[in-house]
Amino acid sequence: MDLLFKIAQETSSRMGTELVVVHEPDRIIDTQHGFIRGWGVTSTNTGAKHISMAYGVLPPGVRAQAHYHPFETALYIVAGKVRVFWGETQSEYEDVVAGDFIYIPAWVIHSPMNLESTPMEYVVARNAPEEVAFIVDKAA
């Protein structure tokens with residue numbers, strides 16, 4: 001047990017030992033593909049190396065541009081209803097509601113659409129320290 005504790009301490013000292021709290025005014029806002037998002041945890045604002053996390057909103061009736069990420073993404077739907085389209089042709093979809101989780105593997109093209117007259121709110125976590133999204137060219 002002592003050896004395991006020593007290894008954990010050494011690893012912790014290499015990774016940083018400061019707890020970081022990100023308050024709302026300090027969030028980075030990103031609206032690249034249709035979302036309104038406040039990044040709470042990124043390498044930029046916390047020093048995170050392998051994770052990011054944000055709170056976001058998809059406005060009523062909005063469909064985000066089809067896009068993909070080079071990492072896994074997990075979402076928790078806080079409020080609202082959204083239809084998530086996925087695949088090369090965006091012909092597959094699933095409706096999700098508040099309380100549902102969504103897992104999107106790396107490289108999967110997707111585009112959510114808010115089906116309600118109220119904002120869809122969500123929390124997103126990724127195994128990457130910064131946002132990287134590739135917009136799918138509709139003409140391609």
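The values are calculated or read from the model by the stated rules, or taken from the named source; none is laboratory data. Being a predicted model, the structure only gives us computed values, none of them experimental. When we count neighbours, we look across all protein chains shown, and the Cβ atoms used for this are built from the backbone with ideal geometry, even at glycine.
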Seminar exercise, completed: If we keep only residues of the range 78-135 that are of a type in the set (Phe, Trp, Tyr) and loosely packed, with under 13 Cβ neighbours inside 10 Å, then the residue farthest from Lys49 (Cα to Cα) is Phe101
Exercise. When you go through (1) closer than 30 Å to Val136 by Cβ; (2) at pLDDT below 60 one by one for Leu4, which number turns out not to apply?
Worked result: (1)
Exercise. In the range 61-113, which residues are more than 14 Å from the chain's Cα centre (by Cα) and of a type in the set (Gly, Ala, Ser)?
Worked result: Gly61, Ala66, Ala79, Gly80, Gly87, Ser91, Ala98, Gly99
For this session: Within the range 34-66, count every residue that is surrounded by fewer than 16 Cβ atoms within 10 Å (Cβ to Cβ) and in contact with a His (Cβ under 8 Å, 6 or more places away or on another chain).
Result: 1
For this session: Scan the range 7-21 residue by residue and report those that are surrounded by 11 or more Cβ atoms within 10 Å (Cβ to Cβ) and either part of a strand (DSSP E or B) or modelled with pLDDT of 65 or more (or both).
Result: Val20
Exercise. Out of curiosity, is Glu24 modelled with pLDDT of 95 or more, in contact with a strand residue (DSSP E or B) (Cβ under 8 Å, 6 or more places away or on another chain) and of a type in the set (D, E, K, R)?
Worked result: no
For this session: Take Val57 and decide whether it is at pLDDT 95 or above and not in a loop (DSSP other than H, G, I, E, B).
Result: no
Exercise. Here are some residues: Tyr76, Tyr93. Which one is free of Cβ contacts under 8 Å to residues at least 24 places away in the same chain and touching a Phe, Trp or Tyr at 6+ places or on another chain (Cβ under 9 Å)?
Worked result: Tyr93
